[in-house]
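The values are calculated or read from the model by the stated rules, or taken from the named source; none is laboratory data. Predicted, not measured: the structure shown is a model, and the values here were computed from it. Because the Cβ atoms are built from the backbone with ideal geometry, glycine has one as well, and the counts that use them run over all protein chains shown. To get the accessible areas, we keep the full protein, side chains included, count just its heavy atoms, and leave off ligands, DNA and RNA. Shrake-Rupley method; radii C 1.70, N 1.55, O 1.52, S 1.80 Å.
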Amino acid sequence: MEEPFEAGAIIPAAGSGRRMNAPTNKILLPLLGVSILERALDAFLNSEFVKILVLAVKPSEKRIFEAQTNRLAAAFNKEIALVNGGAERWESVANALEYLRRWTGWKRRKRLVAVHDAARPLLTRELLNQSLAAGLEYGAVGLGVPLKDTIKRVDDDGMVVDTPDRSSLRAIQTPQVFELDLLLDCYQRVKGSGINFTDDCGVVEYCGRPVKLILGSYENLKITTPEDLALAEAILRRRENADRSRL
Ligand code: C5P
């Protein structure tokens, strides 16, 4: 990473987590004693390149998040802003992008933005750095992993329509990294399209701009259903044991 650059992180955290069946926002649930949100922020808080984090949260949950983010901002000496989330993920990201567009703390000409789901607590610092480096090179980058399962397209009655060739398909993860101006421009252009974009690469693709995928990690889980919690804790335990045996 020779060219000097700086980055902002956008963390969409305004989901409802219906599939988790939890009384609170799922990202406040603990994994081995530390909340999913705090774990998802870790790589960004520790990155020298990331100058600001913008979390999109539900207005009704702002106060709960503020307590966590004030503590983290002080501990890591990082600016963390909260903006209102929207009804869909892409609207939450659009609100956070608008904040970054107006942010007056930028110092460098070369600016990246990394968008990362608050529900992915197992992102490593290495994978974040690889994503930033690729973002710098390609301008628009996502993480993808080969599919383990065969995928079938079905109709409304559950009848199989077809079986796409698995070898050319990828399951997509975050972070996704973009040149800030490119993502701002593409989000501006898709406004009013009526499409519910479920990831940010999709917004850039829709604008006809090239998107590079680099290899993600099967460990970079999105916590969606209760069984994901047990799996994530098992991975964290293994990482902690590996760290301990290195000491
Ligand atoms: O629902 P799903 O798990 O795909 O959401 C991915 C991420 O987007 C989560 O971190 C969730 O909090 C966030 N999200 C959001 N605003 C929404 C819906 C989801 O910020 N309206």
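The rows are residues; the columns are (1) within 16 Å of the ligand (Cβ to nearest atom); (2) at pLDDT below 95; (3) in contact with a Lys or Arg (Cβ under 9 Å, 6 or more places away or on another chain).
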residue	(1), (2), (3)
ARG19	yes, yes, yes
ILE52	no, no, yes
LYS58	yes, no, no
ALA81	yes, no, no
GLY105	no, no, yes
LYS110	no, no, no
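I'd like the full set of residues that are touching a Phe, Trp or Tyr at 6+ places or on another chain (Cβ under 9 Å) and either more than 14 Å from the ligand (Cβ to nearest atom) or not in a helix (DSSP H, G or I) (or both), limited to region 83-97.
Answer for region 83-97, where residues must be touching a Phe, Trp or Tyr at 6+ places or on another chain (Cβ under 9 Å) and either more than 14 Å from the ligand (Cβ to nearest atom) or not in a helix (DSSP H, G or I) (or both): VAL83, GLU88.
Got a number for residues in region 223-247 being in contact (Cβ under 8 Å) with a residue 60 or more places away in the chain and open to solvent by 80 Å² or more (accessible area, probe 1.4 Å)?
Summing the residues that are in contact (Cβ under 8 Å) with a residue 60 or more places away in the chain and open to solvent by 80 Å² or more (accessible area, probe 1.4 Å) in region 223-247 gives 1.
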For this session: Check region 181-203 and report whether any residue there is in a strand (DSSP E or B) and over 21 Å from ALA43 (Cα atoms).
Result: no
For this session: Select from region 95-116 the residues that are surrounded by fewer than 23 Cβ atoms within 10 Å (Cβ to Cβ) and within 16 Å of ILE11 (Cβ to Cβ) and list them in ascending order.
Result: ASN95, GLU98, TYR99, LEU100, TRP103
Seminar exercise, completed: If we keep only residues of region 1-17 that are in a strand (DSSP E or B) and more than 8 Å from the ligand (Cβ to nearest atom), then the residue farthest from SER47 (Cα to Cα) is ILE10
Seminar exercise, completed: In region 43-59, residues that are open to solvent by 50 Å² or more (accessible area, probe 1.4 Å) and assigned to a helix (DSSP H, G or I) total 1
